Amino acid sequence: MRLEAIANPSWSRRLGFPLIALAATVALGSLLAMLAGADPFATLGLIVKGAAGSRFALLETLNRATPLIFTGLAVAVAFRAKLWNIGAEAQLYAGAVMAVLLGTGALPWPSGLLLPAMAGAAMLAGALVLLGPALLKVRFGVDEVVTTLLFNFVVLLLVSMLLEGPLKDPAGMGWPQSARLTPEARLPRIVDGLRLHWGFALALISAVLVWLIQTRSTLGYEMRAVGLNRQAAEFAGIPVGRVVLKTALLSGGLAALAGFSEVAGLKGNLTLDISPGFGYTGIIVAMLALLNPLGVVITAIFVAGVFVGADSMSRAAGVPSYIANIMLATALLNMVLAIQLSRFRVRWG
Amino acid sequence: MAEILDILLSASFWAAVIRIASPLIFATMGELICERAGVLNLGIEGIMVAGAFAGWMAVYSGMGLWTGVAVAMGAGMLFGLLHATLTVPFGLSQHVVGLGITLLATAASYFAYRLALPRVTTPPRIEAFQPLPIPWLSDLPVVGHALFTQTPLTYLAFVLVAVVSLVLYRTPLGLALRAVGENPSAVAAQGLSVTGLRMGAVMVGSGLMAVGGAFLTMSAFNSFFFEMVNGRGWICIALVVFGAWMPGKALLGAVLFATFDAFQIRLQQTALGADLPYQLFLMLPFLLSILALVIMSRRASVPAALMVPFNRGDR
């Protein structure tokens, strides 16, 4: 078989294939539910209800979406410039550590000063974590996929070391967890009484800012050019290496904000399980959004909904909650295939 | 110093080195075959999880050990088929598909585990492969114990390296496989199927990765834990680079890596280990892999068509 580019794909093609991909994902989910001995329609219904069936469920979904928006943005920014940052997990933890370092009483500042300082320090730490692999890529041509993946393990062990050493909460009964943040260092709720913190608003603002950078700035133009064709970008006089490094700083900083927002907004302290793979899930979020920063907000809420819904369904119907991970990984694969099929015609023989 | 010498001179240390190297050898050979054919397989981490689970589950539900290995290999080949279909004829991003396969294979294994054993807290055990001393050879001092008192799967790992080298460098199939990773157009011009060769390579490679995973549950340990693969797949990708895409050098890399890994485990139990946080020791393998990548990446021996999809008729 052979792929043949379509000059102007029709709307039916561009919408049809992604819809089929989505339907196939839902069909697989039903099949898995049946495999687990549950009624597929009831299972899917329970997932939807658990994700958006009540005000509590919806807020839970938005809370879960917050770190995913950040990591999704981090991946979207990097992948657009063909910088394969698979290390959002490590950058997230770097941001979380900075939030703890500054937010547990080290700086006696009021909230208005302290929170921006924490966010800034978090972004800096995350940016530095990705700068390493980016420099290795630019200077020595070391593939950043493997280095960022390996760094995830290094950083997680480093955090574990900190939590059992200098950052360990003396009042933590021996658990490897940090001390709690001071009240000044906590992100307040957006509306009193609603369990949704300012991290979510910050995520929305970040998405708009990233969109502005990508579509309205020289850097955004250069990042796209480098991603589309490195040689052509170089030929056009774009400093490719420097653009890759700038992309890395932005991407790492965004991922670190996920850690900052989880610690200062949701959890109030740092533990080793603060991220159940938000960094990796960010890849699914970004790809489903076709690397569009505004789309990331929508797909992050969708992906968060699947996770929250599956957790609640699992408690009620007994289908293992890993069904969410299977469905989302399938959605990722289905969707990249669907996008390809909407742009290319398959010729057999 | 005396302690370090003690470690290095003990036969059990070298036996551990070979044991730790075994799963890496399987998976590294698998990845090497894929990459030699021009396909980067980032599904490796998840395929190892799937192999570890499938092999163990097969034996747990009453099958023989070798049947379990075959089941693991089959599971790996199935994910390999999915990977190959998406990346070879459809030419999708090998990065995205590979990571997707890792997420899918991992999630599918965990889902199946929870489905099969809904309420276990301690994972059940199986009767794993036992060491099989080779007569005469195992009686040799030091080397005998380290090399020839291993489980059958370990011997298989070393045989595999020889077979892969032989096929890759001494057969027409190997020539075609290497060519398809360097210059697929030339292979197509010879009338061979680029798609077929690449898909075959990814499937066989993925099968071997799964056997590497199965080694963990069926030979190194005797039960399945979540997160037991713990980055080994990613390390194997680094080992392929370290070995400059050659089976022999990759084997050397795997053994060298295993030596450091076994050494850090022993070092943790010494006086030095008691003073330093254990996480520092656990970090070493990952830092070493990064270092190896930096040193080796300067030599350009990458298959020329690695990660370049081939579409007949494109120029």
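Looking only at segment B:243-282, which residues have a backbone nitrogen under 18 Å from a spot 7 Å from the Cα of residue B:4 in the C-beta direction?
Only B:256-277, B:280-282 fall inside the zone, counting backbone N under 18 Å.
Across chain B, what fraction of all alpha-carbon pairs, as a whole percent, falls in each successive 20 Å bin from zero upward?
32, 56, 11, 0
Under 11 Å from a point 7 Å along the Cα-to-Cβ line of residue A:28: which residues of segment B:198-222 have their amide N that close?
none
Can you give me the pair-distance distribution of segment A:66-292, C-alpha pairs, 10 Å bins, whole percents?
Distribution as computed: 9, 34, 34, 17, 5, 1, 0 percent.
Taking segment A:245-348, which chymotrypsin sites (Phe, Trp or Tyr not before Pro) meet the DSSP loop condition and have no more than 16 other C-beta atoms within 10 Å? Write out the running numbers ahead of the final one.
Working: sites: A:260, A:278, A:280, A:302, A:307, A:322, A:344, A:348; in loops: A:322, A:348.
Of the chymotrypsin sites (Phe, Trp or Tyr not before Pro), the ones in loops of segment A:245-348 whose Cβ has at most 16 other Cβ atoms within 10 Å are A:348.
With charges set only on the Cβ (+1 for Lys and Arg, -1 for Asp and Glu), what does the dipole of chain A come to about its Cα centre, in debye to the nearest 20?
Numbers: 25 positive and 15 negative charges, 193 e Å.
The dipole magnitude comes to about 920 debye.
Using Cα-Cα distances under 8 Å and only pairs 6 or more residues apart, what relative contact order does chain B have, in percent? Don't jump to the answer; show the numbers that get you there.
Working: 536 pairs, mean separation 112.1, N = 315.
Normalised by residue count, the contact order of chain B is 36 percent.
I need the phi-derived Karplus couplings for segment B:72-81: 6.51 cos²θ - 1.76 cosθ + 1.60, θ = phi - 60°, integer Hz, Gly and Pro marked x.
Karplus values, whole Hz, x for Gly and Pro: 4, 4, x, 4, x, 5, 5, 5, x, 4.
How many lysine pairs does segment A:66-292 hold where the Cα atoms are under 25 Å apart and the two sit 8 or more places apart or on different chains? Don't skip to the end; give the middle numbers.
Details: A:82/A:137; A:82/A:246; A:137/A:246; A:168/A:267.
Value for segment A:66-292: 4.
Hey, in the GNM for chain B with a 10 angstrom Cα cutoff, which one of B:137, B:86, B:239 fluctuates hardest?
B:137
If packing is taken as the mean number of other Cβ atoms within 10 Å per residue, what is the order of A:247-255, B:188-196, highest first? Walk me through the intermediate numbers first.
Numbers: A:247-255: 28.9, B:188-196: 14.2.
The densest-packed peptide leads the list: A:247-255, B:188-196.
If you find the alpha carbon centre of segment B:192-214 and of segment A:10-74, how far apart are they in angstrom?
Segment B:192-214 and segment A:10-74 have Cα centres spaced 32 Å from each other.
Given Cβ point charges of +1 (Lys, Arg) and -1 (Asp, Glu) and nothing else, what value in debye, to the nearest 20, does the dipole of segment B:14-140 about its Cα centre take?
On the way: 5 positive and 5 negative charges, 64 e Å.
Roughly 300 debye for segment B:14-140.
Just A:173, A:34, A:161 to compare: in a GNM of chain A, with alpha carbon springs under 10 Å, which one fluctuates most?
Looking only at A:173, A:34, A:161, the largest GNM fluctuation is found for A:173.
Under the rule a/c < 1.5 gives rounded, and otherwise a/b versus b/c splits prolate from oblate, where does the protein assembly as shown land using the Cα gyration tensor?
Values: a/c = 1.42, a/b = 1.17, b/c = 1.21.
Rounded, since a/c falls under 1.5.
Using alpha-carbon positions, what is the distance between the centroids of segment B:106-162 and segment A:304-338, in Å?
Segment B:106-162 and segment A:304-338 have Cα centres separated by 33 Å.
Could you work out the Rg to Rh ratio of segment B:1-115, with Rh taken as the Kirkwood radius (inverse of the mean 1/r over all Cα pairs)? Could the numbers behind the result be given before it?
Values: Rg = 17.5 Å, Rh = 15.8 Å.
My calculation puts Rg/Rh at 1.11.
Which longest run of chain B has no exposed loop site in it, a site being GluC sites (Glu not before Pro) in a DSSP loop with at most 16 other beta carbons within 10 Å, and the site itself not part of the run?
Details: sites that count: B:127, B:227.
Free of exposed loop sites, the longest segment is B:1-126.
Return one number: the angle in degrees, 0 to 90 and rounded to the nearest 10, between the long axis of the Cα atoms of helix B:232-242 and the longest principal axis of the Cα atoms of chain B.
Orientation of helix B:232-242: about 70 degrees from the principal axis.
For residue A:197, list long-range residues whose amide hydrogen, built 1.01 Å from N in the peptide plane, is under 5 Å from its own amide hydrogen.
The answer is A:190.
Could you tell me how many degrees, from 0 to 90 and to the nearest 10, lie between the Cα long axis of helix B:172-182 and the main elongation axis, the longest principal axis, of the Cα atoms of chain B?
Relative to chain B, helix B:172-182 is tipped by roughly 80 degrees.
I'd like to verify something in chain A: which complete DSSP H helices, judged by Cα projection on the helix axis, reach 20 Å or more and average at least 0.0 on the Kyte-Doolittle scale? Could the numbers behind the result be given before it?
Details: long enough: A:11-35 (36 Å, 1.38); A:55-80 (35 Å, 0.95); A:88-103 (22 Å, 1.35); A:111-140 (43 Å, 1.59); A:144-164 (29 Å, 2.02); A:198-216 (26 Å, 1.53); A:240-261 (32 Å, 1.33); A:293-317 (35 Å, 1.49); A:323-343 (30 Å, 1.49).
Helices passing the filter in chain A: A:11-35, A:55-80, A:88-103, A:111-140, A:144-164, A:198-216, A:240-261, A:293-317, A:323-343.
Given the -39500 (n - 2.57) contribution per DSSP H run of 4+ residues, what per-residue ellipticity at 222 nm results for chain A, rounded to the nearest 500 deg cm²/dmol? Please list the in-between numbers first.
On the way: 13 runs with 246 residues, N = 349.
Value at 222 nm, helices only: -24000 deg cm²/dmol.
Readers should treat all values here as calculations from the given coordinates under stated rules, not as data from a laboratory. Predicted, not measured: the structure shown is a model, and the values here were computed from it. Using ideal geometry, Cβ is built from the backbone for each residue, glycine included, and neighbour counts are taken over all protein chains shown.
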